[in-house]
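Participant: Take a look at the following structure, please.
The values are calculated or read from the model by the stated rules, or taken from the named source; none is laboratory data. Everything numeric here is computed off the predicted structure, so don't read it as measured data. Neighbour counts are summed over all protein chains in view; Cβ atoms, including those assigned to glycine, are modelled from backbone coordinates with ideal geometry. Side chains included, ligands, DNA and RNA excluded: accessible areas come from the protein's heavy atoms. Shrake-Rupley method; radii C 1.70, N 1.55, O 1.52, S 1.80 Å.
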Amino acid sequence: MMRLTIWTIVFAYKQKGYPMTVSLARGTGAAAVLIFSAQGAFADVSAQDVWSDWKAYMTGTGYTVTGTESQSGNVLTVSDISMTMPLPEQDGTGGVTMPSIQFVENGDGSVNVVLPKEFPMTISGKGDGETFSAEILYSHDGSPMVVSGDTSAMTYDYATGQATLTLGKVIGDGEEMPEDALKASVVISDMVAKTTMQIEGQRSYTQTQSIAKLAYDIAFQDPDSDDAGTISGSLSDLTGTATSTIPSGLDSPEMSDLIKAGLSINAKLAYTGGNSAIAVTGSDSFDMQSTSAGGQFGVTMSKDGLSYDVGQNDISVNVSGSEIPFPLALTMAEAGFKLLMPVSQSDEEQDFGLGITLRDFAVPDMLWGMVDPTGTLPHDPATIVLDLAGKGKLLFDMFDPESMKAMERGAQKPGEFNAVSVKQLLVTAAGAKLTGTGDFTFNNEDLVTFDGMPAPDGSANIQLEGANGLIDNLIKMGLVSDSDAMGARMMMGMFGVPGEGEDTLTSEIKVSEDGQIHANGQRIK
């Protein structure tokens, strides 16, 4: 949940031109989530062992951790806590500071980790001669985090009725952002988190988490104009699971070192409902409200690759504004995005994939009336589905700053595609339907035959339904002339042959490395 607040800060600074780095956001976000979302490594039966293990975990992921320790009876207080990490690409550092944490031995082999009910936490960084700091005010009901188990494995439990994160002071290069320029808060209700940590051997954890409601509220005001706006929304009944393996024994590791050593992350988040509202006023106005019946977000990362799987269901969006001629009401049954990509340099082929789903996308009749006032076209919802998979080689390490710089200078080739499969292509709109599949391999040694593109070899099978009916309707509407329609029909006749159904065309397109292209057995190039 801390990540949302951090990225809010990043957004604000980019809008106003303040300095910020991706590495700082990623690094400080990891530390914040460790503290507040029960993803850390507090473990053992004594207060000192819990704190020591936490430091070992953080230093093992690249941080330098310091704090002033004070022991009184069964309570270990660590104050003036600082966690910093290097930012090699910026030749600087980033980190998090917070006032204090108490570790209280309960006398039954468990330890309570106690945070003050309200306290500030500062996120800061410097690099390329620039400095940045932002204050996050954290408040909760005072519930402790309970650690139980032994030195090889332990369980970490945390539950709170409500926790709030509020943006405080934001400073860039010694200049404080005006108080009214940006306000942001996140409220988390009824959160329960449970982490099972394996310490002995390869460090790993399994986590489950539930949140009854997460609400966010952002407001901004441009100090130099009347432009202002608000962003608010909430997610309901969030549930999440996560498993991770974290290498140990590395000396000041960077992300690329951790991945090579076996870092793996597999996290999933789902929710049953959501809503958001955006309002902008000033020189231009804009207003948008959206709702959904739930969705999911999944991410995995390891040396084998990085993947995302994002989706929402039953989406409704209402938009209006000074630049929009009339209010729009849009609905969609499903929206999804999938991505699989390699992250580590390899001379061996690696998997990649891309998926996009926009299912049953519907626009209001008012919009249809502008292009089809007589109702000539079917106004059924449109659908677009694309599912690609393939093989390729990544020739640089994505998380290695030096490797990235070499690629940006042109001294390093980024990679190559070796094979692509079109697992599904589906487009339906205005009474027509296009479907297809295909498989192609690529010769990266031949960049001449296809004008700089690796020479492909493979075939695709395509089916088009309702095309002639769509052309007839477009002629009736006056959008297509008879001569243009004739050219389109001739082109379809060149590439397609009649299929089994009425107004159906099928086509098999074959491409060979020598530059030849055949459609249904007939050479067209």
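Participant: Give the residues of the range 152-209 that are open to solvent by 50 Å² or more (accessible area, probe 1.4 Å), part of a loop (DSSP other than H, G, I, E, B) and under 23 Å from F220 (Cβ atoms), sorted by residue number.
Facilitator: Scanning the range 152-209 gives D173, G174, P178, E179, D180.
Participant: So the check is Cβ under 6 Å with 6+ separation or different chains; which pairs have a first residue in the range 237-263 that's modelled with pLDDT of 90 or more and a second one that's of a type in the set (D, E, K, R)?
Facilitator: T241/K268
Participant: Looking at L377, L394, can you tell me which residue is out of contact with any Asp or Glu (no Cβ under 8 Å at 6 or more places or on another chain), crowded, with 17+ Cβ neighbours inside 10 Å and farther than 21 Å from M341 by Cβ? Walk me through how you get there before you give the answer.
Facilitator: Working: L394 fails: farther than 21 Å from M341 by Cβ.
Of the residues listed, the single one that is out of contact with any Asp or Glu (no Cβ under 8 Å at 6 or more places or on another chain), crowded, with 17+ Cβ neighbours inside 10 Å and farther than 21 Å from M341 by Cβ is L377.
Participant: Can you tell me which residue among L479, L464 is assigned to a strand (DSSP E or B), open to solvent by 40 Å² or more (accessible area, probe 1.4 Å) and under 24 Å from T376 (Cβ atoms)?
Facilitator: On the way: L479 fails: assigned to a strand (DSSP E or B).
Checking each option against the conditions leaves just L464.
Participant: Something else now. Would you point out which residue out of L426, L447, L388 is free of Cβ contacts under 8 Å to residues at least 40 places away in the same chain and closer than 30 Å to L505 by Cα?
Facilitator: That would be L388, the only listed residue that is free of Cβ contacts under 8 Å to residues at least 40 places away in the same chain and closer than 30 Å to L505 by Cα.
Participant: Related question: Name the residue, out of T151, T97, T77, T84, that is touching a residue at least 24 places away in the same chain (Cβ under 8 Å), among the β-branched types (V, I, T) and under 30 Å from E402 (Cα atoms). So that I can check it myself, show each step before the final result.
Facilitator: Details: T151 fails: under 30 Å from E402 (Cα atoms); T77 fails: under 30 Å from E402 (Cα atoms); T84 fails: touching a residue at least 24 places away in the same chain (Cβ under 8 Å).
Every option except T97 fails the conditions.
Participant: Here's another thing I want to ask about it. All but one of (1) open to solvent by less than 40 Å² (accessible area, probe 1.4 Å); (2) not in a strand (DSSP E or B) hold for A411; state the number of the condition that does not hold.
Facilitator: (1)
Participant: Please enumerate the residues belonging to the range 275-327 that are part of a loop (DSSP other than H, G, I, E, B) and β-branched (V, I, T). Step through it out loud before you land on a result.
Facilitator: Quick first cut of the range 275-327, residues part of a loop (DSSP other than H, G, I, E, B) only: 282-285, 293-294, 303-304, 322-327.
Passing the criteria: only I324.
Participant: Restricting the range 425-454 to residues that are part of a loop (DSSP other than H, G, I, E, B) and either acidic (D, E) or within 16 Å of F361 (Cβ to Cβ) (or both), which is most open to solvent (accessible area, probe 1.4 Å)?
Facilitator: E445
Participant: For the range 332-360, give me the residue count where each residue is open to solvent by less than 70 Å² (accessible area, probe 1.4 Å) and part of a strand (DSSP E or B). Give the steps one after another, and end with the answer.
Facilitator: Residues of the range 332-360 that are open to solvent by less than 70 Å² (accessible area, probe 1.4 Å), as a first pass: 332-336, 339-344, 346, 350, 352-358.
So of that shortlist, the ones also part of a strand (DSSP E or B) come out as 332-336, 339-341, 350, 352-358.
Residues flagged as open to solvent by less than 70 Å² (accessible area, probe 1.4 Å) and part of a strand (DSSP E or B) within the range 332-360 amount to 16.
Participant: Kindly indicate whether D314 is without any contact (Cβ under 8 Å) to a residue 24 or more places away in the chain, open to solvent by 60 Å² or more (accessible area, probe 1.4 Å) and more than 22 Å from E349 (Cα to Cα).
Facilitator: Details: without any contact (Cβ under 8 Å) to a residue 24 or more places away in the chain: yes; open to solvent by 60 Å² or more (accessible area, probe 1.4 Å): yes; more than 22 Å from E349 (Cα to Cα): yes.
So D314 fits the description; yes.
Participant: Separate question: Just the residues that are among the aromatic types (F, W, Y) and free of Cβ contacts under 8 Å to residues at least 40 places away in the same chain, please, taken from the range 55-74. Give the derivation first.
Facilitator: Of the residues in the range 55-74, the ones among the aromatic types (F, W, Y) are 57, 63.
Selection gives Y63 alone.
Participant: How many residues are outside any helix (DSSP H, G or I) and open to solvent by 40 Å² or more (accessible area, probe 1.4 Å) if we restrict to the range 482-500?
Facilitator: We begin by selecting, within the range 482-500, every residue outside any helix (DSSP H, G or I); these are 496-500.
Okay, now just the ones that are also open to solvent by 40 Å² or more (accessible area, probe 1.4 Å), so 497-498, 500.
Residues meeting the conditions: 3.
Participant: So, one more: Being open to solvent by less than 30 Å² (accessible area, probe 1.4 Å) and in a strand (DSSP E or B) is the filter here, so list the residues in the range 113-132 that pass it.
Facilitator: From the range 113-132, those open to solvent by less than 30 Å² (accessible area, probe 1.4 Å) are 113, 115, 119, 121, 123, 125, 127, 132; that's our starting set.
Within the range 113-132, V113, F119, M121, I123, G125, G127, F132 qualify.
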